[in-house]
Amino acid sequence: MSRFAGGFRDGRRRLCLPACFLCLILSLPGLMSSAAFPQSAPAAVVAKVEVWVDGAPNTENLERLVSIRPGDLYSLSAVSDSIKQIHRSQLFSDVVVTRSGVESVELRFGLTRKLIVRKIGFRGEKGTSGRKLRNSLYALQEYAYFSDEKLARATEELKMALIDEGYFQPQVRAAAKRVPGAPQVDVVFAIAAGARYAISAIRFQWSAGVPKADLKKAMKTKEGDLYSLSRLDQDLARLRALYAKHRYPRADVELTAEDFFPENGTVSLLIRVDPDEHIEILISGADVPIDLVLPIWEERIFEEWGLGEAEARILAYLREKGYILAAVSSRIEREEAGIRIVHRVDPGQKARISNVRFEGNSHFTAGRIKKELGIADRVLFFGRLDGKRAFELTSEIKMLYEIEGFPAAQVGLQFSVEGDEAEAVYTIQEGRQQRIKTIEIAGASLFSPEMIRSQLSIAEDGPFFRPFIRREIEKLSAFYLDQSVRGTKIEPRIEALGEDLFKVIFNIQEGRMIRIQSLFVSGNRTTRNNVVLRELRVKEGDLARADRISLSKQNLERLGIFSEVAIEEIPISESAEHVIITVREGERNYAGVGIGLETRDTFRSASSLLETSLRLRGTAEYMRGNMFGSAASLSFVTQFSLSEKRVVVTWQQPYFLFNIPVETYINGWVEAEDRTSFAFEREGISVTGMRPFFWGFDMLTTLGYARTTLTKLEVPPNEIDRQFYPYSKTSLAPSFIRERRDDAFNPERGYFSSLALDWAFPLLQTESDFLKGLFKYQRYFTLVPRVLLGSTFRLGLGMGKMPIHERFFAGGSNSFRGAKFDELGPEDPESGIPIGGKALVLFNFEFSFPVVSSLRNFSGVIFYDAGNSFFNRSDVDLRDLEHAVGLGVRYRTPLGPVRLELGWNLTDPEKRGRPIAFITIGNIF
Amino acid sequence: MAPVLLLLWLHPGQPQVVDCIVAEVNGKALTLTDVRILQEFAIGPEHKDGDPPVTLRQTLEEAINRRVVIDLVREDIEVTKKETDDLLLLWKGRFEAEQWQERLAAYGLQEEALRPYLEEVIRYIKTIDLRFGRGVDVSRQDIERYYEEEYRPFERSLGREPKPLVQAAAEIEDRLKSEKAGQQATTWVRSLRAQAEVRINDRCLEQAR
C-alpha cells in the first residue's frame, strides 16, 4: 500500500466525520417530528397526484378515482378516505400512497389490480373426473376475481371433495401463475388423491327398536365397499328414516368410530344408535295416514302445541276430502318405553260444497269478495270449493277486511247441509272502518308535496291499515333514490283524530342529490368497452338516478354474455359518487344434440310398432357467443329426418349498423323438405330486425332471398311452377307480435296476436311476385283452477303468383285435427293430392280439465276445430269450412304439453267415423 | 458517499409511504391512518391513567374485532350524540388543549371527523354488554375460593389487613362477574372472527415501524 493511499484514506476519514455530524444536525428535526407525529406538515399543499397501477403509470385516467386534487390542503385523513373509496370500487386489491415534498406535496397512489382467474387446471392423481373437481369449487372460478384467501379456500374445498369420494389424507397444492401482460392468473392444482380404504366391518352400538340385520339391510354401504363419507351420510339418514318408520322419530344415529388399518387398506366403522322415546300414534275413527302427523314429533316440542298441530293437520286432510264437519279430540298416554298419542276422529257426514254465501257484508259485495279471493263459480263438475279451502277462507276474508280498514272484523263459518250437498255460509261482522282523514308531508323541500303524494297508494278518506304505512315509506324511499337523492330518512307519525279517523304524517329528512363524477368498467376481458357503455342509461355528469342505474344493469344482463353484473355506487363527497360497473363474462360455447326416432308408416296398434320401419331423427347445434367482444353470436343448427334436412347458420347481434337499437339476425340456410304434394330444395339468406313497436307490439322485419327447386311434384305443375323452375324469391316480411300470455309454452290466461306479411317482389331477375299475410289471434281463459278454455283464430290471404311451396296448407296436429298433415283444402282433381291455396281460415277451441286431481301435470282435453284452405281468395266461404271434434290427454312439460289426441272429421263423408291419432309436443299454433 | 446517502435517506423530500390498507374486514378496508388515529386517540370508558400504552398491532386487532362484531351481529344498536360527546370528552381529557389541536391537525382532522370512530367503539361496547352484561352467575364457592387464594394474599402483600369475607364478598363478586363476562366475550368474539373474512397486510404494518 502506498503512503499516498494511506494518507488519502486518513484525509477522507478526517472529512467524513464532520460531514456525518452535519447530516445528523440537519436531519434531527425530521427524525424528531416523524417520531412524535405521523408524516405530515401543517399547511402543506398537494401539488401533484399521480396514479400508478401494477408498478406503471396508469393509462386509464384513474386519477378520477382519487378525491384529492392539486391545490387541496394535504391531510392524512383525506388520503385515508381516498384509499377507502378506491378500495370500495373492488377493482384493486391493494393501495399504497407515497408522499414526497414538504410544503408542496406530491402524492403517488400505487394500485395493485385485482387479478382474474383465466384458467383452472388439475394435474396429478386426481382420483375423480376433472368435471367433478371443478363442480366442487365455489371459492374460485374461472373469470372471477382471484385472491390468496380464495385460493386457500378452494384448496380446502378440493380436499373435502376428495374426502367425500372416499380418499383419505388427500394432498392438494395450488399454484397461481400470472399471465404476462394481463391482470390474470392461471391456477393449477396438483393433486395426490390419497388412499382409499375398504370397509372391513360395520358394527352397531344399539339398544333396541330395529333388528341389527334390518339396519345393515337398509344401508347401501356394505362391508367390502370402498369407504365414502358422503355415501355413509346418506346411509345414516336412511337409518334415521327406518327408525322413524318403527315409531322412533327422534332416533339419533351417528358414526362414532373409524378404525383404520393402513397395512391392509381397510377401515372398521362403529355406528351408534340411540332410539330415544318410542312414539306410538293412533288415529281412530277415520282413515288418516300416520305419516301426516309423525314428523311433528321428530323434535322435542311442547306437547300441547304438538297435539294442536296434529289436530289441525288431520282436520285439513279430512276437510279436503269432503268431511267438512269433522272433529278431533286428542290425548297423550305415557308408557314405559315412550308415549302414545291418541287422536279420536269423528269425521261427520261427507258433503260437497255446492254454494258459497255471505251474510253481514255491506262494504264488499259477494262478487267482490269472491273475485278478490279467487273463489270461482262452479263449471260443470269442476271448481267446487274444497273443505280445506273453505276453512282457510275465514282468515283470508278477515285479512281482506283488515286491509280495507276494518281491524275488528270477525268472520264465522257455518254449513247448511242437505243430503250430500252443503252450502258454506260466512257470517261477517264488519265492525267500524278506520279511515285516513289527512296525509301530511313534512320536511320535503326538494320536491313538491303534490309530487311526493302522487307516489303514495294510500289516499285521504281511504282505508287506514297500519302495515301499509311501512310499504308507503319504501315507495317514498325508492322515489327519492330514483330522483338521485341519497341519505333520505323517512319516519311516519300517526295521530288519532277521534273515532276511527287518523292523520298520517311522513316526516322526511331529505338527503342530497348526487351526481355521477366518474364511471368505470371492469371485468371485461373480451367484451369491448363501448359494448358495455352502450347499454348504460347514465353517464358521467348525470344525476345518479337509481331507476336508470337499475335499468343499465338489466340491459347488460339482457345481452346474455355476462354471468354476473354488479353496479356499485361509491360516494366520494356529499354531492358526487363514482359508479363502478363490474361484469363477469360467461361461457361462450354451447353445443346440443337431440336424437329421436320417426316413421312414415301409420301407427295402428301396439303390435304394428314392431313391423314399422324406424329411422333416426336428430338435431345438432353449436353456438359461439360474444364474437369479437361485440355481444354478437354465431350459431350452426342442423336438423335431419325422413321429411326434412336443414342447415342454418345465424349471426345475431343486439344492434343493427351504427348502433341502431334493432336486434338483428342474419340467416343463411340450405334445406330440403318432403311434403305430401311436393318436395323441394332451397337455399337462402335473410336479414331480420326485431324491436318493440308501439301499442305493445314487437315488430320483426325480414329481407331475404331464397332459391327453391322442386325435386318432386305429385300434382300437375301449374303455370308458375312450370314456368319458373327453379324459383327465386326476394322478399320483405314484416311481422307484428303482441304477446300477453302468462306463459308462452303453457299458457293459462291472456292473449297472443300476430300479423305476418310476406311481400315477394321481382328484383335482380328473381321470379317472385306475390303478397301474402297471416293473421293469428289466441286467447286463453282459466275458468276455475286447472280448467282452461283456449281458442285460436287464423286467417291467411295471398295474391299474385304463388308457387306451390308458398301456398297455404292445412291439416295436422297444429292446424286441423280432422285431417292428416297438409291434407285439408283443395286437391288435384286427378290424383287427389293437396295443392294448397291462396286463402286459409282456421278456428280451434279447446277445453282442458284435470283427470286425476293428484296428477297436476296431467289433463284431459276435448276440442273442436273448423277450417279450410281455399285455392283462391274468392273461394272463401264459411259454409265450406270442415269441422272436427276430438279428445285427448296431455302431459305438461316446461317446453309445452306432450299431446296425444284423436280427431274425428264431421264433414268429409270419406273420413267420417274414422279417428285420426296425433302425438305432438307443444301447443297448437 | 455515505453522508450523501444518509442525507438523502433522511431528507423528508424523499418518497415515503404515508398510508396503505393495513387490513380488510368482510371486504371493507382499514387504513394505516385509521389504526394510527385509534392508537393516538381512542380509549375505552374503563381506561385508567397508568394503563400501559397499546401497540399498533394491538390497536389493529381491537379494531378488527370491533368491525367483526358490528358486522356479524347486525343488531340495530343506537348510539346517541350524548354518548359520543361523553366519550369524546374522555379522549380529549388526556391532552392539553393545544396538544389536542396539534394532534388533530397532524391528521387533518376536525373533532367531528372522530365521530365514526367514537360510534364504533360505543356500539361495540354496547353489543358486548347486551350479550354478556347480565346473566353471569358467580357461585358462593367461587367467591370463597377467590377470597382465600387471591384476595387475602394480595391484601397482605400490600401490608393491609384483609377485610372479612362478609364485607369483601360484594366487591369480589363484581370482580369475578366482570372477569367471567370478559372471558365469555373474548371467546365469542374469537368465534365470530373465525367466521369473518379478515386479511391483514403485514407489509403495510411494517411501514409504520
Task: Nearest-0.05 FRET efficiency for A:Leu887 and A:Glu830, computed from C-beta distance (R0 51 Å) - done: 0.90
Task: Dipole of chain A, positive end: most advanced residue of A:Ile685, A:Val356, A:Ile436 [Cβ charges, Cα centre] - done: A:Ile685
TODO: Quick one: accessible surface of A:Asp875, probe radius 1.4 Å, all protein chains present, in square angstrom to the nearest 10.
DONE: 70 Å²
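Leaving ligands, DNA and RNA out of it, rank A:Val253, B:Val198 by accessible area with a 1.4 Å probe, largest first. Mind showing how you got there, number by number?
Working: A:Val253 0, B:Val198 45 Å².
Most to least solvent-accessible, the answer reads B:Val198, A:Val253.
For segment A:197-274, give the share of DSSP beta bridges that are antiparallel, in percent and rounded to the nearest 5; count only bridges with both residues there. Could the numbers behind the result be given before it?
Values: 10 of 18 bridges.
Counting only bridges with both partners in segment A:197-274, antiparallel ones make up about 55 percent.
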TODO: Go ahead and run the numbers for FRET between A:Thr619 and A:Asn857, Cβ-Cβ distance against an R0 of 22 Å, rounding to 0.05.
DONE: 0.35
- [ ] Keeping the other protein chains in place, figure out the carbon and sulfur percent of the accessible area of the protein assembly as shown, with a 1.4 Å probe.
- [x] 54 percent
Open item on the list: Order A:Tyr323, A:Tyr74, A:Tyr143 by their accessible area, 1.4 angstrom probe, all chains in place, largest first.
Closed with: A:Tyr143, A:Tyr323, A:Tyr74
TODO: Take peptide A:67-75, look around each residue's Cβ out to 10 angstrom, count Cβ atoms belonging to other protein chains, and average those counts.
DONE: 1
Task: Fraction of beta bridges assigned by DSSP in segment A:514-585 that are antiparallel (%, nearest 5) - done: 60 percent
TODO: Report the accessible area of B:Ser139, computed with a 1.4 Å probe over the heavy atoms of all protein chains in place, in Å² rounded to the nearest 10.
DONE: 40 Å²
TODO: State the antiparallel share, in %, of DSSP beta bridges confined to the protein assembly as shown, rounding to the nearest 5.
DONE: 80 percent
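For segment A:67-154, calculate the relative contact order in percent as a whole number, restricting contacts to Cα pairs under 8 Å that are 6 or more residues apart.
After rounding, I find 20 percent.
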Task: Accessible area of chain A divided out per residue, in Å², using a probe of 1.4 angstrom - done: 52 Å²
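Taking the Cα centre of the protein assembly as shown as origin, sum charge times position over the Cβ atoms of Lys and Arg (+1) and Asp and Glu (-1), and report the length of that vector in debye to the nearest 20.
Approximately 2520 debye in magnitude.
Can you tell me the dipole magnitude for segment A:197-274 around its Cα centre, using point charges on the Cβ only (Lys, Arg +1; Asp, Glu -1), in Debye to the nearest 20?
Values: 13 positive and 11 negative charges, 109 e Å.
Computed about the Cα centre, the dipole is about 520 debye.
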Task: Vicinal HN-Hα couplings computed from phi for segment A:415-429 (Karplus, 6.51 cos²θ - 1.76 cosθ + 1.60; Hz; Gly/Pro x) - done: 10, 10, 9, 9, x, 9, 10, 9, 10, 8, 10, 9, 9, 10, 10
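With a length cut of 20 Å (Cα positions projected on each helix's long axis) and a Kyte-Doolittle mean of at least -1.0, go through chain A and give me the DSSP H helices that pass. Working shown, then result.
Values: long enough: A:3-36 (49 Å, 0.67); A:148-164 (24 Å, -0.43); A:229-245 (24 Å, -0.33); A:303-320 (26 Å, -0.46); A:387-403 (25 Å, -0.17); A:467-482 (23 Å, -0.19).
Going by DSSP H runs, the hits are A:3-36, A:148-164, A:229-245, A:303-320, A:387-403, A:467-482.
With the Cα gyration tensor of the protein assembly as shown giving a ≥ b ≥ c as the square roots of its eigenvalues, does the rule (a/c under 1.5 for rounded; else a/b larger than b/c for prolate; else oblate) give rounded, prolate or oblate? Working shown, then result.
Values: a/c = 1.87, a/b = 1.44, b/c = 1.30.
Taking the square roots of the gyration eigenvalues as a ≥ b ≥ c, the protein assembly as shown is prolate.
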Task: Estimated [θ] at 222 nm from DSSP helical runs (n ≥ 4, -39500 (n - 2.57)) normalised by residues in chain A, nearest 500 - done: -6000 deg cm²/dmol
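What size of dipole, in debye to the nearest 20, comes out for segment A:514-585 about its Cα centre when the only charges are +1 on Lys and Arg C-beta atoms and -1 on Asp and Glu C-beta atoms? Could you put the intermediate results ahead of the total?
Numbers: 11 positive and 11 negative charges, 67 e Å.
That gives segment A:514-585 a dipole magnitude of about 320 debye.
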Open item on the list: Given a 1.4 Å probe, show me the residues in segment B:94-135 buried by at least 40 Å² of accessible surface when comparing the whole protein assembly to the chain alone.
Closed with: B:Ala106, B:Tyr107
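What does the charge count around A:Leu763 come to, taking other residues whose C-beta lies under 11 Å from its C-beta (Lys +1, Arg +1, Asp -1, Glu -1)? Please report the intermediate quantities before stating the final value.
Working: positive: A:Lys729; negative: A:Glu767, A:Asp769.
Neighbourhood net charge equals -1.
Run the numbers on chain A and let me know its relative contact order in percent, using alpha-carbon pairs under 8 Å that are six or more apart. Write down the numbers at each step before the final one.
Details: 1986 pairs, mean separation 39.2, N = 925.
It comes to 4 percent, rounded to a whole number.
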Open item on the list: Between A:Leu270 and A:Phe845, what is the label-point separation in nm under the 7 Å Cα-to-beta-carbon projection?
Closed with: 7.7 nm
Open item on the list: Going by Cα centres, segment A:58-128 and segment A:432-468 are how many Å apart?
Closed with: 47 Å
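For the ranges A:103-111, A:749-757, what's the packing order if you count other beta-carbon atoms within 10 Å of each residue, average per peptide, and put the highest first?
Numbers: A:103-111: 19.4, A:749-757: 16.4.
Per-residue mean Cβ counts within 10 Å order the peptides as A:103-111, A:749-757.
Once a ≥ b ≥ c are taken as the square roots of the eigenvalues of the Cα gyration tensor of segment A:334-431, is the result rounded (a/c under 1.5), prolate (a/b larger than b/c) or oblate (a/b not larger than b/c)? It would help to have the intermediate numbers written out before the result.
Working: a/c = 2.56, a/b = 1.49, b/c = 1.72.
The shape class here is oblate.
Given axes a ≥ b ≥ c from the Cα gyration tensor, I'd like to know whether segment A:675-921 is rounded (a/c under 1.5), prolate (a/b larger than b/c) or oblate. Intermediate results must be reported in sequence, preceding the final value.
On the way: a/c = 2.21, a/b = 1.38, b/c = 1.61.
It comes out oblate by the Cα gyration axes.
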Open item on the list: Once you place label points 7 Å from the Cα toward the Cβ at A:Arg368 and B:Ser139, how far apart are they in nm?
Closed with: 6.8 nm
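Assuming R0 = 22 Å, can you tell me the calculated FRET efficiency for the pair A:Arg691 and A:Val648, based on Cβ-Cβ distance, to the nearest 0.05? Mind dumping the intermediate values first?
Details: r = 22 Å, r/R0 = 1.01.
Efficiency computed from Cβ-Cβ geometry: 0.50.
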TODO: Would you work out which of A:Ile835, B:Ala181, A:Phe465 lies farthest towards the positive end of the dipole of the protein assembly as shown, given +1 charges on the beta-carbon of Lys and Arg and -1 on that of Asp and Glu, about the Cα centre?
DONE: A:Ile835
TODO: Count the net charge of all other residues whose Cβ sits under 10 Å from the Cβ of A:Thr920, scoring Lys and Arg as +1 and Asp and Glu as -1.
DONE: +2
Open item on the list: Compute the distance from the alpha-carbon center of segment A:750-779 to that of segment A:291-363, in whole Å.
Closed with: 62 Å
Task: Positive-end residue, chain A charge dipole about Cα centroid, Cβ charges, pick of A:Ser477, A:Phe415, A:Ile921 - done: A:Ser477
Open item on the list: For the interface of A with B, what's the total buried accessible surface in square angstrom, probe 1.4 angstrom, rounded to the nearest hundred?
Closed with: 2800 Å²
Task: Centroid-to-centroid separation of segment B:112-179 and segment A:830-900 [C-alpha atoms, Å] - done: 86 Å
TODO: Note down the nm distance, to one decimal, between modelled labels 7 Å out along Cα→Cβ at A:Glu106 and at B:Glu98.
DONE: 3.6 nm
Task: Over 19 Å between alpha carbons, listed pairs A:Lys772/A:Lys820; A:Lys820/A:Lys911; A:Lys801/A:Lys838; A:Lys114/A:Lys150; A:Lys370/A:Lys475; A:Lys489/B:Lys82 - done: A:Lys772/A:Lys820; A:Lys370/A:Lys475; A:Lys489/B:Lys82
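Across peptide A:90-96, how many C-beta atoms of other chains are within 10 Å of each residue C-beta, on average? Display every interim value, and only then the final one.
On the way: counts 1, 0, 1, 4, 7, 6, 10.
Across the residues of A:90-96, the mean count of other-chain Cβ atoms within 10 Å is 4.
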Task: 13 Å beta-carbon shell around A:Met399, net charge (K/R +1, D/E -1) - done: -4
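Can you give the average number of partner chain beta-carbon atoms within 10 Å of each beta-carbon in peptide A:242-255, as a whole number?
Numbers: counts 0, 0, 0, 0, 0, 0, 0, 0, 0, 0, 0, 0, 0, 0.
Rounded to a whole number, the mean comes out at 0.
The values are calculated or read from the model by the stated rules, or taken from the named source; none is laboratory data. If you're wondering where the values come from, they're calculated on a predicted model, not measured in any experiment. Please note: Cβ atoms are built from the backbone with ideal geometry, for glycine as well, and neighbour counts cover all protein chains shown. These area figures cover heavy atoms from the full protein model, side chains too; ligands, DNA and RNA do not enter into them. Shrake-Rupley method; radii C 1.70, N 1.55, O 1.52, S 1.80 Å.
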